[in-house]
Structures are given as structure tokens and as C-alpha cells.
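What follows is a single structure, written as C-alpha cells, with notes after it.
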Amino acid sequence: MSLEMAAYCLRPLAGAPAPNASTLRNDMPLTAADLWFTFTMWAVMMVGMMAPAAAPVLLLFAAARKGRSGPATLYFALGYVAVWTGFSAVAALAQSGLHLAAMLSMSMSTLSARLGGAILIAAGVYQLTRWKEACLTHCRSPLGFLMSNWRDGNLGAAQMGFRHGVYCLGCCWALMCVLFAVGIMNLVWVAGLSALVLLEKIGPAGAWIARTAGVAMIVLGGRTILS
């Protein structure tokens, strides 16, 4: 996303009228500042979207260390954040590639109905796989995760946080990729996907919700391609 596009997206938040989208180009060369802005946007968005779902294991870890000195809980959180920061870097590169190929709209969704539909179908199919189920099982059982992966010390805490982050990434990466199909700055979809992640991980029927959402995405993707 170029800085010109960023200005287009942020001006309404500042109360200023947005420029006419037809006057903006989405195939302008990217600068280092553009890449940094894109990465930062993804990193902040990922932390904001995943923090509520990660809260149970973080609070449980903090409770297990109650009465002990040292910033181990912070190291656990940093290990978790490191995983999603890495995903943010990959997502930023993917967005930059789509931008350079002139395949992103001003709402930062793919201009190709086939590509958008394919992303939705792929995300939906992943929701039905054993990899998704396995990662979701770890995410839904924070106590079991801590008991089977416990490490002492700050380094151990960081390793635990990183490992839990990997399971979380395995559970949710495909859902985050849906943003390329529906609009990276589409706040309705951002909120909806955040709620879906939370329901999958802490809801009483999380596995059923994940599979239902997968079927819905496959259907939506097919309709997008055929429309």
C-alpha cells in the first residue's frame, strides 16, 4: 500500500473528505516507507485481532507464576507476538506484490473475482482439515498446553509463547488471508473475523463453528467466482 493510498484510507477518520478514488493509482512504485507502513499496519492489526483469543493462555500462565519474581509473563507474550509479527511481514510482502501487479482496489481487496473466490475457497477448505483441527485443539486447551510444554525461566517462557503462537498461527492464518479477498481495511470483516477466531477458541462449540464457517467460505468463494 502506497502512502497515497494510506492517506485515502485515513482522511475520512480525520474528518476530511476522501479524494476521488479515480484520481488515485494503485500501481505506483513502492518505497521503503510504504513497505514499513504496510508491515506496521499488519502487525498492529494482527496483535489487535489475536489478543482476545490469546488472553486465556496468557492469564493462565501468569496465574501459574503467581508469587514468582521476574518478567516471564512478558517473555511469554513476546514469544507469541513474534510469530504473528513474522506472519505480518509475509502478509505485507504479499500485499506489496499484489499492489505492484495492480491487482488491489482502493479498499485493498483483490480486483480479480477469481482470485478473491479462490482465496475464500482455500481458506474454507483449510477450515475442514486435520491441521486446523489439531491446532485448534491446542488453542482450546490452554491448561493442557502449559502442562505439556512447560519451561522454566524467561527463555523457557519465550519458547512456550512462541510455540503457542505457532499453534495459533496454524489455526488462524487462512482466516487472516481472507482479508485479501474482502478488503484489508474493511472494518466490518476485520471485526467479524476477530469474533470468529474468538468463538472458535473459547466458544462451547468452537470446532463446529470452525467447520461451519469453512463451508460458508467455500460457498461464498464459489459464488464470487461465478458472479
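Just so you know, all these numbers are worked out from the coordinates, no wet-lab data involved. Every value quoted in this text rests on a predicted model; they were computed, and no experiment measured them. Positions of Cβ are backbone-derived with ideal geometry, glycine not excepted, and every protein chain shown enters the neighbour counts.
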So Met103, is it touching a Phe, Trp or Tyr at 6+ places or on another chain (Cβ under 7 Å), of a type in the set (A, V, I, L, M, F, W, C) and either within 19 Å of Leu187 (Cβ to Cβ) or without any contact (Cβ under 8 Å) to a residue 24 or more places away in the chain (or both): no
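Among residues belonging to segment 88-109 that are of a type outside the set (A, V, I, L, M) and buried (at least 21 other Cβ atoms within 10 Å of the Cβ), point out the one that is nearest to Thr224 (Cα to Cα). Write out each step before concluding.
First, pick out the residues of segment 88-109 that are of a type outside the set (A, V, I, L, M): 88, 95-97, 99, 105, 107, 109.
Checking the rest, the ones that are also buried (at least 21 other Cβ atoms within 10 Å of the Cβ) come to 88, 95, 99, 109.
Working: Ser88: 26, Gln95: 20, His99: 21, Ser109: 13 Å.
The extreme case among them is Ser109.
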Scan of segment 128-164 for residues that are crowded, with 22+ Cβ neighbours inside 10 Å and closer than 15 Å to Leu60 by Cβ, ordered by number: Cys139, Ala157, Met160, Gly161, His164
Residue in segment 99-109 that is touching a strand residue (DSSP E or B) at 6+ places or on another chain (Cβ under 9 Å) and either in a loop (DSSP other than H, G, I, E, B) or closer than 23 Å to Val47 by Cα (or both) present: yes
Which listed residue is in contact (Cβ under 8 Å) with a residue 40 or more places away in the chain, surrounded by fewer than 17 Cβ atoms within 10 Å (Cβ to Cβ) and within 19 Å of the chain's Cα centre (by Cα), from Val178, Val125, Val197, Val188: Val125
